[in-house]
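Report on one structure; see the data block that follows.
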Amino acid sequence: MLQLDKISVNQILVFSEVVSGSSLLQKDFIEEQYLRGAPNFGQTVEFLRELNLVDIADNKIVLKPSYERFLKNLRESQKPKETTKKYVINCIVKSKSSFAEYLNEFLSRFLLANEKYEFTPNILERLKYSGLRNFLIDLGLLYLDSSETKYVLVNDYSSLYSELQASCRISPSEFLIIRQAKEDIGKAAELKIIDYEKKQLSRYPHLSKKIEHTAKYDVKAGYDIKSYEVATGDNQYIPKYIEVKAVSIIDYAFFWSINEIEKSEVCRQSYYLYLLPVKGKNQFYLEHLKIIKDPYLNVFNNSCEWAKTIESLSFALIAEPKE
């Protein structure tokens, strides 16, 4: 999972200076050089990968063209930290990554007041956005007001807010494309989990054959996949009902329908949430898969670890309006 509380401008700068000054981009060598000046090598690389600035192939750091151009500017800069800040801000605004979606979600909570964009979070929102808040403060995008209860967007970046808000506007045709893409990702995630379950039950072929892709023929079932877990004896098995969610690796946020919640309440110990982080088109971070048993207890009724947000309300007419 991308841990924003372990990302800083200084770490990105140190990494950039190390790769810029090295002709040998072996990952182990770069890591050794990097750790002499900054911590959290893995998280820093993962963040840069998320922004599509670097990649790793055959244990080598691969620099993307836009990042190489930045490194050239960095070598010529008199203020490397400021140059790094501006570059990272530009990248996260233009990025189509899950981080950009997370940033848009966060900034959408800011409202214009006293000629400044402000956001006063509740306790759950403070917990949810703490890592992102600290990183944006480090970038110089935000500051805390004197009471330390309100986040304020730095005036110099008020145009950034408008740009991000404008980028969130979509036409009906774009909405349909996005919705279809999300459906495709969801289906791909379900197939990935079916394959995962088959591998988990490879020692029990009679059970592996019984795995059912329920979502293909019953959208109201309240779960996507029916699989099995083996009990104490090899001949004893228990059905498990799996709801698959394709999520961002940053915060694992997902939408959970009333129907799915009710099913989880009925099935309890037999109901599972499989939260599968999306890496790219039909690509997932299987190594970061979160499997949650009895999510009615461990998610829905667990406000200490999961922030619950009501996105919409449903209304129905129960009486004709009075004349």
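The values are calculated or read from the model by the stated rules, or taken from the named source; none is laboratory data. Bear in mind the structure is a predicted one, so any value in this text is a computation, not a measurement. Quick reminder, even Gly has a Cβ in these numbers, built from the backbone with ideal geometry, and neighbours come from all protein chains shown.
At-a-glance table
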quantity	calculated
The range 201-239: number of residues that are free of Cβ contacts under 8 Å to residues at least 24 places away in the same chain and more than 13 Å from Tyr271 (Cβ to Cβ)	19
Odd one out for Phe99 among (1) in contact with an Asp or Glu (Cβ under 8 Å, 6 or more places away or on another chain); (2) closer than 23 Å to Gly280 by Cα; (3) surrounded by fewer than 16 Cβ atoms within 10 Å (Cβ to Cβ)	(3)
Every pair of residues 6+ apart whose Cβ atoms lie under 6 Å, when the first sits in the range 282-310 and is touching a residue at least 40 places away in the same chain (Cβ under 8 Å) while the second is part of a loop (DSSP other than H, G, I, E, B) and surrounded by fewer than 16 Cβ atoms within 10 Å (Cβ to Cβ)	His288/Met1
Matching residues in the range 4-26 - criterion: being within 18 Å of Asp58 (Cα to Cα) and either assigned by TED's automatic domain parsing to the domain that holds Ile137 or buried (at least 16 other Cβ atoms within 10 Å of the Cβ) (or both)	Val19, Leu25
Matching entry among Asn134, Asn114 (being of a type in the set (S, T, N, Q) and within 24 Å of Pro80 (Cα to Cα))	Asn134
For Asp218: the one exception among (1) of a type in the set (Asp, Glu); (2) surrounded by 17 or more Cβ atoms within 10 Å (Cβ to Cβ); (3) more than 16 Å from the chain's Cα centre (by Cα)	(2)
Hits in the range 189-200 (condition: touching a residue at least 24 places away in the same chain (Cβ under 8 Å) and hydrophobic (A, V, I, L, M, F, W, C))	Ala189, Ile193, Ile194
Filtered residue count, the range 235-264, keeping only those that are modelled with pLDDT of 90 or more, touching a Ser or Thr at 6+ places or on another chain (Cβ under 7 Å) and farther than 13 Å from Gly222 by Cβ	3
Matching helices (runs of 4 or more DSSP H) fully within the range 42-132 where at least 3 residues are at pLDDT 90 or above, in contact with a helix residue (DSSP H, G or I) (Cβ under 7 Å, 6 or more places away or on another chain) and not assigned by TED's automatic domain parsing to the domain that holds Val14	none
Matching residues in the range 258-283 - criterion: being under 30 Å from Phe99 (Cβ atoms) and either touching a Cys at 6+ places or on another chain (Cβ under 8 Å) or of a type in the set (Gly, Ala, Ser) (or both)	Ser264, Gly280
Number of positions in the range 196-225 that are over 23 Å from Tyr285 (Cα atoms) and of a type in the set (Phe, Trp, Tyr)	2
Some residue of the range 240-252 being of a type in the set (Lys, Arg), touching a residue at least 40 places away in the same chain (Cβ under 8 Å) and in contact with a strand residue (DSSP E or B) (Cβ under 6 Å, 6 or more places away or on another chain)	yes
Scope the range 274-305; condition under 28 Å from Asp195 (Cα atoms) and in a loop (DSSP other than H, G, I, E, B); matching residues	Lys281, Asn282, Tyr285, Leu289, Asp294
Which numbered condition His206 misses (of (1) touching a Ser or Thr at 6+ places or on another chain (Cβ under 7 Å); (2) more than 13 Å from Glu190 (Cβ to Cβ))	(1)
